[in-house]
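Novice: Quick one: the structure is below, and I'll ask about it shortly.
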Amino acid sequence: MNFTELSLYGLPEGELTEYILPLPEEASAAAYDHIGIDWNPKGHEPQGIYDRPHFDVHFYMIGQKERDKITATEEDMANLSKDPEPEYVPEGYVSTPGGIPRMGAHWIDPTSPEFNEQPFEETFIYGFYDGEMVFVEPMVTIDFLKTKPELTKQLKLPKCYPTEAYYPTSYSIRYAENTEEYTVSLEGMTLR
């Protein structure tokens with residue numbers, strides 16, 4: 001996903017805003033259906049961790065109609081709390097309580113800097129619903145983007161994936177001076 005430096009200015013100041021990006025036919029070998037970019041001007045829970053203005057970049061493995069079925073209401077809580085088989089979860093990742101409508105349950109790495117007395121700048125989350133992986137999510141603060149980063153990180157990977165497709169082994173958050181553009185990308189795509 002590429003976006004200009006100018007796009008960081010004039011963002012909505014109220015509540016969460018979601019932008020949907022369909023993926024081109026050329027991306028069909030990867031596991032992803034579309035990208036949902038959530039702009040969180042006030043951040044979100046948990047307070048003291050992710051409550052800084054940031055973007056959640058969801059690479060969804062399910063379509064929007066399937067996402068609409070994720071209600072995170074009382075009758076849906078069993079689907080949100082259903083743990084995946086251990087081989088589908090990267091080592092060390094743990095589930096957070098509850099879930100979010102149209103997303104599912106979020107699984108985090110408790111060794112990430114933001115859970116170890118360092119400020120949240122960027123992180124990587126996995127999402128599950130009804131025991132199935134439904135998204136992967138790089139998150140990045142607007143303040144970190146303004147530092148014009150050149151970051152690539154290896155991912156903690158699960159042993160198995162829901163379907164055979166191309167999956168990332170790393171992710172990057174970069175700024176290109178010549179085009180004044182940012183890139184948030186999944187990289188090292190490998191058939192699994």
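Novice: Extension gain I37-T169, at 0.36 nm per residue separation less the Cα-Cα distance, in nm?
Specialist: So the chain would gain 45.5 nm between I37 and T169.
Novice: Using only the alpha carbon atoms of the range 89-192, find the Kirkwood hydrodynamic radius as the inverse mean reciprocal pair distance, in angstroms to one decimal. Please list the in-between numbers first.
Specialist: Numbers: mean 1/r = 0.0670 Å⁻¹.
Evaluated on the range 89-192, it is 14.9 Å.
Novice: Using a simple spin-label model with points 7 Å from Cα along the Cα→Cβ vector, what separation in nm is obtained for M1 and Y19?
Specialist: So the two model labels end up 0.8 nm from each other.
Novice: Right, next: With the other protein chains left in place, how much accessible area per residue, in square angstrom, belongs to the chain at a 1.4 angstrom probe? Don't skip to the answer; put the middle values down first.
Specialist: Numbers: 10080 Å² over 192 residues.
Value returned for the chain: 53 Å² of accessible area per residue.
Novice: On to the next question. Translational diffusion coefficient, Stokes-Einstein: compute it for the chain using the Kirkwood radius over C-alpha pairs as Rh, at 10 °C and 1.306 mPa s, and state it as an integer in µm² s⁻¹. Before the final figure, lay out each step's value.
Specialist: Values: Rh = 17.2 Å.
The calculation lands on 92 µm²/s.
Novice: A follow-up question, please. What are the GluC sites (Glu not before Pro) within the range 94-181 that DSSP puts in a loop, where the Cβ has at most 13 other Cβ atoms within 10 Å? List each step's numbers first, then the result.
Specialist: Numbers: sites: E114, E117, E121, E122, E132, E150, E164, E177, E180, E181; in loops: E117, E121, E164, E177, E180.
Counting only loop positions with at most 13 other Cβ atoms within 10 Å, the GluC sites (Glu not before Pro) in the range 94-181 are E117, E164, E177, E180.
Novice: Label I49 and E74 with points 7 Å out from Cα along Cα→Cβ: what is the distance between them in nm?
Specialist: Reported label-point gap for I49 and E74 is 2.7 nm.
Novice: Hey, any idea what % of the chain's accessible area is carbon plus sulfur with a 1.4 Å probe? Don't skip to the answer; put the middle values down first.
Specialist: Working: 5200 of 10080 Å².
Exposed carbon and sulfur together represent 52 percent of the surface.
Novice: Here is a follow-up. Dipole size in debye (nearest 20) for the range 27-73 around its Cα centre, Lys and Arg Cβ +1, Asp and Glu Cβ -1?
Specialist: Numbers: 5 positive and 7 negative charges, 10 e Å.
It comes to approximately 40 debye.
Novice: A further question on this structure: Which GluC sites (Glu not before Pro) in the range 1-54 sit in a loop by DSSP (not H, G, I, E or B) and have at most 16 other Cβ atoms within 10 Å of their own Cβ?
Specialist: Working: sites: E5, E13, E15, E18, E25, E26; in loops: E13, E15.
Loop-located and lightly packed - E13, E15.
Novice: Using a simple charge model, +1 on the beta-carbon of Lys and Arg, -1 on the beta-carbon of Asp and Glu, nothing else, what dipole does the chain show about its Cα centre, in debye to the nearest 20? Spell out each step's value before the answer.
Specialist: On the way: 14 positive and 35 negative charges, 43 e Å.
So the dipole magnitude of the chain works out to roughly 200 debye.
Novice: In nm, to one decimal, how far is the modelled label at E66 from the one at D83, with both set 7 Å along Cα→Cβ?
Specialist: Calculated label separation equals 2.3 nm.
Novice: Relative contact order for the chain: what percent, with Cα pairs under 8 Å and sequence separation of 6 or more? List each step's numbers first, then the result.
Specialist: Details: 403 pairs, mean separation 39.2, N = 192.
Contact order relative to length: 20 percent.
The values are calculated or read from the model by the stated rules, or taken from the named source; none is laboratory data. All values derive from a computational prediction rather than experimental measurement. Here Cβ is always computed from backbone atoms with ideal geometry, including for glycine, and neighbour counts include all displayed protein chains. Heads up: the accessible areas ignore ligands, DNA and RNA and are worked out on the full protein's heavy atoms, side chains in. Shrake-Rupley method; radii C 1.70, N 1.55, O 1.52, S 1.80 Å.
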